[in-house]
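One structure is given here, and the rest of the page talks about it.
The values are calculated or read from the model by the stated rules, or taken from the named source; none is laboratory data. The model shown is predicted, which means the values in this text are computed figures rather than measured ones. Cβ atoms come from the backbone with ideal geometry, glycine included; neighbour counts cover every protein chain shown. Accessible surface is based on the protein model in full, side chains and every heavy atom, while ligands, DNA and RNA are left aside. Shrake-Rupley method; radii C 1.70, N 1.55, O 1.52, S 1.80 Å.
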Amino acid sequence: MTKVEESVEVAVPVSTAYNQWTQFEEFPQFMDGVERIEQRTPRLTHWVTSVAGVRREFDAEITEQIPDERVAWTTVEGEVRQSGVVTFHRLDEDHAKVMLQLEHDPQGLADSVGDKLGFVTRQAQGDLKRFKSYIERRGAETGAWRGTI
């Protein structure tokens, strides 16, 4: 089991960072290897990924969602086994810290080799850096879901 903890500071208010993170269908704009995400219900998302030529599909259930604070999930079906939480921390009126904690259970030989080479950690670092660029370039979220789970 791989455990990843990464964070990034963004030059937007905490509510802007959180609101954008609730727009799961926009994740392909900043997450490398994510081809498509479908929000099927307020709790269920379907992911299609392609990493290093390996295409996978899986469903993830949002297990906790508190506006401007956290979004937690776990995979429930498919070819990927992971769970995690993203927390949002107000630094000041115009800056926030986005922290990712992820547990990934490699499936098969390719996943195990990639895991040993630090691929999951590098992927998380890159995705957070791209999120920072994406939200700072926009300056505003593309939408928001302010419900609680």
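When the stretch 27-43 is examined, which residues are found to be in contact (Cβ under 8 Å) with a residue 24 or more places away in the chain and farther than 19 Å from Arg122 by Cα? Break it down stepwise before answering.
If we filter the stretch 27-43 for residues that are in contact (Cβ under 8 Å) with a residue 24 or more places away in the chain, which is where we start, we get 29-33, 42-43.
Passing the criteria: Pro42, Arg43.
Over 21 Å from Arg130 (Cβ atoms) and acidic (Asp, Glu): is that true of Glu93 in this structure?
Details: over 21 Å from Arg130 (Cβ atoms): yes; acidic (Asp, Glu): yes.
The answer is yes for Glu93.
Just give me the residues in the stretch 9-22 being over 27 Å from Phe119 (Cα atoms) and open to solvent by less than 20 Å² (accessible area, probe 1.4 Å), in sequence order.
Within the stretch 9-22, Val12, Thr16, Asn19 qualify.
Of the residues Glu6, Glu25, which is loosely packed, with under 15 Cβ neighbours inside 10 Å and not β-branched (Val, Ile, Thr)?
Residue meeting the stated conditions: Glu25.
Can you tell me which residue is surrounded by the fewest Cβ atoms within 10 Å (Cβ to Cβ) among those in the stretch 30-84 that are assigned to a loop (DSSP other than H, G, I, E, B) and at positive phi?
That would be Gly53.
If I ask for residues that are closer than 16 Å to Arg70 by Cβ and of a type in the set (A, V, I, L, M), which ones from the stretch 11-43 would you list?
Val14, Ala17 - these are the residues of the stretch 11-43 that are closer than 16 Å to Arg70 by Cβ and of a type in the set (A, V, I, L, M).
I need the full set of residues from the stretch 116-137 which are loosely packed, with under 15 Cβ neighbours inside 10 Å and in contact (Cβ under 8 Å) with a residue 24 or more places away in the chain, in order please.
Once the filter is applied, which keeps residues that are loosely packed, with under 15 Cβ neighbours inside 10 Å and in contact (Cβ under 8 Å) with a residue 24 or more places away in the chain, the stretch 116-137 yields Lys129, Ser133, Glu136.
Of the conditions (1) part of a helix (DSSP H, G or I); (2) open to solvent by 70 Å² or more (accessible area, probe 1.4 Å); (3) at pLDDT 95 or above; (4) farther than 23 Å from Ala60 by Cα, Leu91 satisfies every one except a single condition; which number is it?
Only one criterion is unmet by Leu91, namely (1).
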